[in-house]
Structures are given as structure tokens and as C-alpha cells.
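Trainee: Below are the C-alpha cells for one structure; questions will follow.
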């Protein structure tokens, strides 16, 4: 039971008064009509410190959360002050009657504490066994019923009293807020052994008064797949609203476990790991771990529970889906580009085939496209091999625009966008173009080495 800040939900709506006579004639009064409120004259002493009832009723005014919950609580009534207020209002002097009481609610039954005079205007709050109320019990007070009596003429008695809030709703002290009912259910077998990994944290859908209970039927609990409730039809547990850490054992029977789906996933994972070198290392490690878990469950046989097997299959499938191929090897491509860079297009009759081969280079392909990458390199080498140098008297063939290095694909879609054509057909322009190619190749080599370092 946890103590909340006392006074958080304290409130007063009024005080009902009644007058009784020997002829059983009764008349009710409200001393608020006379400008008198008895909670102005009542206080509680907790751990040696006095707290006025008015302060306790104001939300956030009093914080008792750090006080020892075993500390005893006593009640003080300023009789003189109350008598003077009543006298000023035209009422007779009063005294606290022994029928006064405080009650708290435990489950659906009230526990009543009576007032026992132990000093001047000081009252112990004791239960039927004469045990004094502690802060633990005081935190969940639901009723303060205070009788104030006087036999002023020897024949009649005036009684002024607080009202039980559970019936009249006039006066209420209650630190206990609306709470959920919480519990944890452990599933056990016929030998009362807990089923591994099988427990259920229960929280009620509705909120109730602290201390009241709700029934949770075991057969209605959401059982893990592969377990069936084995107890009586009416089996269940009463869970108290606001209490934490309550645990219950529920008898279950294990159904036969089906491994077929898990076995298929295991076969698929084992086949993938045959070529583990084509996948990034981190993904391979996660797949190996998931596969090991699955293999252990297969070895357990019928000792494994269906939900464990299902979870293992899901984890294995997820690890396989998360595998990422390593990057393709661009070594041959880089060599071909470096060879083209060393050439001067003005020295050849037609350099367009080399430029076209270079423009078709696509970066960022993975290892499954290695043949395509190698073909890019072969195309550049072949175009270079087919070049024909110019003769002194040969007719000059219009040269293509300067060569621009292929652009790396930032969208990871394998597409390359050629750089814009800004050059001319002069030798100087061609030389500038190859300087650009040189810079591009250096960038490509840097990116490749970064990829290789990451893959390691």
C-alpha cells in the first residue's frame, strides 16, 4: 500500500446537525448556517507534528509522503474554541461524545476506529482490538463522524455530527484516489513449477476506490499460445484496487508444440549463411544469434511452448530480411578510368566511344551486380583498344564534348546523371576535361576505400 500526499483529495461540503429529545423528536441543523465549521477546530498529530484539518483538506497543502507510515495518528479537538463559536452563534456548549468515530475502507468493508480520550482535548484513534491508527490506515480514511453532546437541562441532548460520506456524501476525507487493480499471474504446471517465460501482468480496465476489490477469473486471462487453463470453471482471484505487487499462480496444461514453420525458417537461414561473405558482417552476426536460439528450441522438443517457438521463428525471419549485401568491387572500373584519364582525346580520330563507356558507369551497386560492374570496366578498356591515332594529313573528325567523370548515385538507385556539356573541341578543352576525370577518379577511389573499410 502506498501513501499518497495527504489532503490531495480532502474536501468539505458541510456539516449536518441534529437535535434529539427523549420524545424521539429530532430537528436537524447545519452549523455552517451559524458561521461555524467544526473542521476549523479539529487537527491530527502525525509523528509529533500537528496538522489542521483545514490544511489536510486542501490539495497539495500537506505532504506526508516522507513520514514513516507506521507512525501513530492522534486527533485533537479544540473544545473551548468550538464552544465559544457555538455560544456566539446561540448554541449550547458541547463535548466530544464517545460514539464519535473514524472509518477507512478495506476491500468493500469499513474498518471503524473509535475515539479514546487520552489527554486534554486529545484522542487516540483505536480499532476494536484497541490498536491505534497509523499513518498507513489514516491515508485511506473515508469517514469522520464526530458527535458533540451536552445535557444542558438534564432532560435533553444536542448532537452535532459529521456524516458518513458513503451514504450521505456530505463530508469526505479520502487520500485514496481512484486506482486501477494490478496483479501478475504466473502460469504453473501440475507440479507447481512455473512455466518458463510465461506470466501475465494484469491491469483492470476500469478504476475503482482504493481498497475495494474486483474478481479476475483465471479462464478469462489471455493465455500464451500453447497453454490452456486447467483449473475449475469458477477459479479466480480477488484483486484490490490500488495495491501493487500481488502475484498469483494459475494452473495450466501445455498443448503439443508444432515446430514445422520454425524448421522451414531454420533451413532457409542455414542456406543463406552458406554464402555469409556476401552480406555485411553485422547482419550476419544477428542472423547467427537468432538461428542459435531457434536450434536450442528445436532440441528442447515438446518441452518448448508454442509461443516460444513462434517468437523464435519471427526473430529468425526478421534477421534474414535485415541482411544487407556488401558493395561490389570497383577495382577494375577504377583501373579503366585511370587508363582513360591518361589519354588526350585530341590525339585520336574519334574518342566518343570511350566517353560513352565512361558515362555508363554506375556506382554503389552491390555484390550481386558484380558481373555488371566488371562489364563496365571491360567496355572502357575495349573502347580504348579501338582508338585510332590521327595522321598528319588526316581529315579532322569533330571530337565529342569533354569527358566528365560518372557521378555517384546518391539515391542508391543505380542511375548516373552526366555532367552538363560546357566545353569546346579544342585540345585545351580536352585537357581540362581529363583533369576533371582525374579528380573524379580520385573521388571514386576514396569512396571505394571507405566502403571497403566499412565492410571490414
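The values are calculated or read from the model by the stated rules, or taken from the named source; none is laboratory data. Since this is a predicted model, take the numbers as computed values, not measurements. Every residue, glycine among them, receives a Cβ derived from its backbone with ideal geometry; neighbour counts consider all protein chains shown.
Trainee: Out of curiosity, is residue 323 under 42 Å from the mean Cα position of the chain (by Cα) and crowded, with 20+ Cβ neighbours inside 10 Å?
Mentor: Details: under 42 Å from the mean Cα position of the chain (by Cα): yes; crowded, with 20+ Cβ neighbours inside 10 Å: no.
So residue 323 does not fit the description; no.
Trainee: I need the full set of residues from the range 293-307 which are in a helix (DSSP H, G or I) and within 33 Å of the chain's Cα centre (by Cα), in order please. Please lay out each step first, then the result.
Mentor: Here is the first cut: in the range 293-307, the residues in a helix (DSSP H, G or I) are 293-303, 306-307.
Once the filter is applied, which keeps residues that are in a helix (DSSP H, G or I) and within 33 Å of the chain's Cα centre (by Cα), the range 293-307 yields 293, 294, 295, 296, 297, 298, 300, 303, 306, 307.
Trainee: Answer with yes or no whether residue 373 is in contact (Cβ under 8 Å) with a residue 24 or more places away in the chain, under 39 Å from the mean Cα position of the chain (by Cα) and not assigned by TED's automatic domain parsing to the domain that holds residue 298.
Mentor: Details: in contact (Cβ under 8 Å) with a residue 24 or more places away in the chain: yes; under 39 Å from the mean Cα position of the chain (by Cα): no; not assigned by TED's automatic domain parsing to the domain that holds residue 298: yes.
Here the answer is no, as residue 373 does not meet what is asked.
Trainee: Residue 100 versus (1) touching a strand residue (DSSP E or B) at 6+ places or on another chain (Cβ under 6 Å); (2) modelled with pLDDT of 85 or more: which is the lone unmet condition?
Mentor: Failing condition for residue 100: (2).
Trainee: In addition: Taking strands (runs of 3 or more DSSP E) that fall entirely within the range 218-263, which contain at least 3 residues that are touching a residue at least 40 places away in the same chain (Cβ under 8 Å)? Please lay out each step first, then the result.
Mentor: Values: elements: 227-229, 236-240, 247-254.
So the answer is 236-240, 247-254.
Okay, residues lined up against (1) within 27 Å of the chain's Cα centre (by Cα); (2) modelled with pLDDT of 90 or more; (3) surrounded by fewer than 14 Cβ atoms within 10 Å (Cβ to Cβ):
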| site | (1), (2), (3) |
| --- | --- |
| 200 | yes, yes, no |
| 203 | yes, yes, yes |
| 209 | yes, no, no |
| 226 | yes, yes, no |
| 246 | yes, no, no |
| 258 | no, yes, yes |
| 274 | no, yes, yes |
| 285 | no, yes, yes |
| 291 | no, yes, no |
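Trainee: Look at residue 304 and say whether it is surrounded by 15 or more Cβ atoms within 10 Å (Cβ to Cβ) and at pLDDT below 95.
Mentor: On the way: surrounded by 15 or more Cβ atoms within 10 Å (Cβ to Cβ): yes; at pLDDT below 95: yes.
In short, yes.
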